[in-house]
Each structure stands twice: as structure tokens, then as C-alpha cells.
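Below is one structure, written out as C-alpha cells; comments come after it.
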Amino acid sequence: MERNYATYPSLQDRTVFVTGGADGIGAAMVLEFAKQGARVGFADIQPDKAVAVIDQCRHAEVVHVPRFYEVDLRDIDALQAAFTAAIEDLGGIAVLVNNAASDDRHTWQEVTADYWDDRLNTNLRHYFFAIQAVAPQMIEAGGGSIINIGSSSYMMQETMFPGYAIAKSAVEGITRTMAREFGADNIRVNTVLPGWVPTDRQLTKWWSEEGEAQTLEDQAIKRRIYPDEFAQIVLWLAADDGAACTAQQFLIDGGRF
Ligand SMILES: NC(=O)c1ccc[n+]([C@@H]2O[C@H](COP(=O)([O-])OP(=O)(O)OC[C@H]3O[C@@H](n4cnc5c(N)ncnc54)[C@H](O)[C@@H]3O)[C@@H](O)[C@H]2O)c1
């Protein structure tokens, strides 16, 4: 469906960093920010897919072609080095979107201590350290916007991935805590949670006809919710238009919860 989205003057030339930007919702956010004229950097472990996102941005004739940083965000030293480089390359980071995650399936019985740590390192720990990496220069610049992508899975009491759902529930804790830490510095921190968004990974790995029928039955809106639609609330929170909004949680799930 062709959608006629808003353009935000304040996003023109704004510096934005998206984690997990090579695929799925992250890739849509990179493209949507670039289409607004933002200067975008993104991190991921999938360089081939990152090239495809950059090609898509070039094809859309964006003003600033996004820059890619190959980094496994579970490695905090590598994360810190990538943020140092991005702050230098982009001339600061005014907007951070913490998005990278992995909803790999597992039963509660098979979780070992190592796997538990890996789930938290993949889905939660880097959110905090990315915030820690960008905050000093946001404070110096007089403000910023941090958007943490959560998941409605724990609210929906979904099974099959406790290490993921439990980590995602703590994203809300990061948002509420850090919003208060940074409020006086004019740095806003919010959570945006998807319901079910049919990314390539979702469709390839987890999709079933019955699963989708149940999701649409549960949603008030009886159609798929697409990554570019999800991205629009993130743009709004990054723009001056969302300037009075912090410590909030926005559920973009077609009215499923
Ligand atoms: N798609 C959905 O239905 C859905 C539902 C609920 C929540 N979410 C949330 O939305 C966000 C995006 O999900 P998505 O569906 O687009 O996922 P996706 O798997 O399509 O994309 C995630 C991206 O993160 C990257 N990534 C994963 N681990 C990484 C690591 N250690 N270091 C660097 N990059 C890493 C992946 O390579 C990938 O490009 C996630 O936070 C996810 O939890 C998605």
C-alpha cells in the first residue's frame, strides 16, 4: 500500500544511529531516517545485508548515504569502539535507536547459564552500553533522543523463548530509569514495542498460516503491520515534534494487546 508519510524538517541533517540496521525493522528505520535527510549510521553483524540497505538508500536518492559499522554488539569493547568511530564520522549522535535483538526459540528446560547470558547479552546488555556510549556527547550538545525497541512478547505471555521475552521486559526498565537520569539534560528516552511485524526473518523462520490467522484475529486492525509503518513513530520521537515526550512506552501492534 502506498502511504503518504510526514516529513520532519528537524530530522534534516540530524545524526541518528540504529543498532541492528541491516535487516527487518532496523533496515526500515535506516531507510526512513535517510529519506528524511538524516545522517545515519548503523551497526550489525550482517555486512551483506547492510550493503543491500545502503543500495536501497542510494536508490531512494537520499541526501546522506548511511554508514555501516560491522560489530557484534555482544562484545562491549567492540561496541564502544564502533560508537567512538561513529560519533567522529557523523559529527555526533543526536538520536540512538537500540533495536538489535534475536528471538531464537528455546524451551525453559534447555537454558544453561551460558545460554541465559547470551540471550541477555544479545537482547538487553548492549542497550545500556550504547546509551552509556552516546550520553556524554548528547549532554554536551544540550539534548538527544533515545528510542529503545522492545517487544510485546512478555506482555502477551508468549512462550518458546523465555530468555528473549524476559530480556525484552527489562527494556522498559532501562527506559524508565534512564529517562529520569537524563531528564535534566534534555535527553528523552522512550520505548516502542512491535506486536507482530512480518520481516524476512519472521516470514522465513517462524511464519505459519495458523499463526498469522490467530494474530489477525487478536488484532483490532485486520491486516499486517509493516516495518515502514512501525518506523514512523520512531521518526516522530526522534524529531522535535516528540520533544515533550519521555519515559513512555508505545505499542505498535494493530491493537492486539
Ligand atoms: N518483527 C517482529 O514481529 C517483532 C516483534 C516484537 C519485537 N520485535 C523487536 O523489533 C526489533 C527488530 O526486530 P526484527 O524483527 O526487525 O529482527 P531482525 O532479525 O529482522 O533484525 C534484527 C537485526 O539485528 C541484528 N543483530 C542481531 N544480533 C546482533 C548482534 N549481536 N550484533 C549486531 N547486530 C545484531 C541482526 O543481524 C538483524 O539485522 C528487535 O528489537 C525485536 O526484538 C520485532
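The values are calculated or read from the model by the stated rules, or taken from the named source; none is laboratory data. Here the structure is a predicted model, which means the values were calculated and not measured. When we count neighbours, we look across all protein chains shown, and the Cβ atoms used for this are built from the backbone with ideal geometry, even at glycine.
Tabulated results
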read-out	value
Test: A86 is touching a residue at least 40 places away in the same chain (Cβ under 8 Å), under 22 Å from D48 (Cα atoms) and hydrophobic (A, V, I, L, M, F, W, C)	yes
Residue match in segment 140-154 (condition: of a type in the set (F, W, Y) and either modelled with pLDDT under 95 or over 22 Å from V40 (Cβ atoms) (or both))	yes
Failed condition for P194, given (1) in contact with a strand residue (DSSP E or B) (Cβ under 9 Å, 6 or more places away or on another chain); (2) at pLDDT below 95; (3) not acidic (D, E)	(2)
Cross-chain or 6+ apart pairs with Cβ under 9 Å, segment 41-55 first and within 17 Å of A81 (Cβ to Cβ), then surrounded by fewer than 16 Cβ atoms within 10 Å (Cβ to Cβ) and of a type in the set (A, V, I, L, M)	G41/A85
Residue pairs meeting the criteria (Cβ under 6 Å; at least 6 apart or on separate chains; first within 11 Å of the ligand (Cβ to nearest atom) and modelled with pLDDT of 95 or more, in segment 202-215; second among the aromatic types (F, W, Y) and not in a helix (DSSP H, G or I))	T215/W196
Matching residues, segment 68-93, being away from the ligand (no atom under 15 Å from the Cβ) and either acidic (D, E) or farther than 12 Å from A133 by Cα (or both)	E88, D89, L90, G91
Matching option when the condition is within 14 Å of the ligand (Cβ to nearest atom), closer than 23 Å to S102 by Cα and buried (at least 21 other Cβ atoms within 10 Å of the Cβ), among A165, A170	A165
Of all residues in segment 179-231 being of a type in the set (A, V, I, L, M) and touching a helix residue (DSSP H, G or I) at 6+ places or on another chain (Cβ under 6 Å), the one that is surrounded by the most Cβ atoms within 10 Å (Cβ to Cβ)	V189
Positions within segment 38-67 being of a type in the set (K, R) and within 11 Å of the ligand (Cβ to nearest atom), in sequence order	K49
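For every residue, the table says whether it meets (1) crowded, with 17+ Cβ neighbours inside 10 Å; (2) away from the ligand (no atom under 13 Å from the Cβ); (3) without any contact (Cβ under 8 Å) to a residue 12 or more places away in the chain.
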{"position": "A101", "(1), (2), (3)": "yes, no, no"}
{"position": "T107", "(1), (2), (3)": "no, yes, no"}
{"position": "A113", "(1), (2), (3)": "no, yes, yes"}
{"position": "R125", "(1), (2), (3)": "yes, no, no"}
{"position": "A135", "(1), (2), (3)": "yes, yes, no"}
{"position": "M138", "(1), (2), (3)": "yes, yes, no"}
{"position": "I147", "(1), (2), (3)": "yes, no, no"}
{"position": "S151", "(1), (2), (3)": "yes, no, no"}
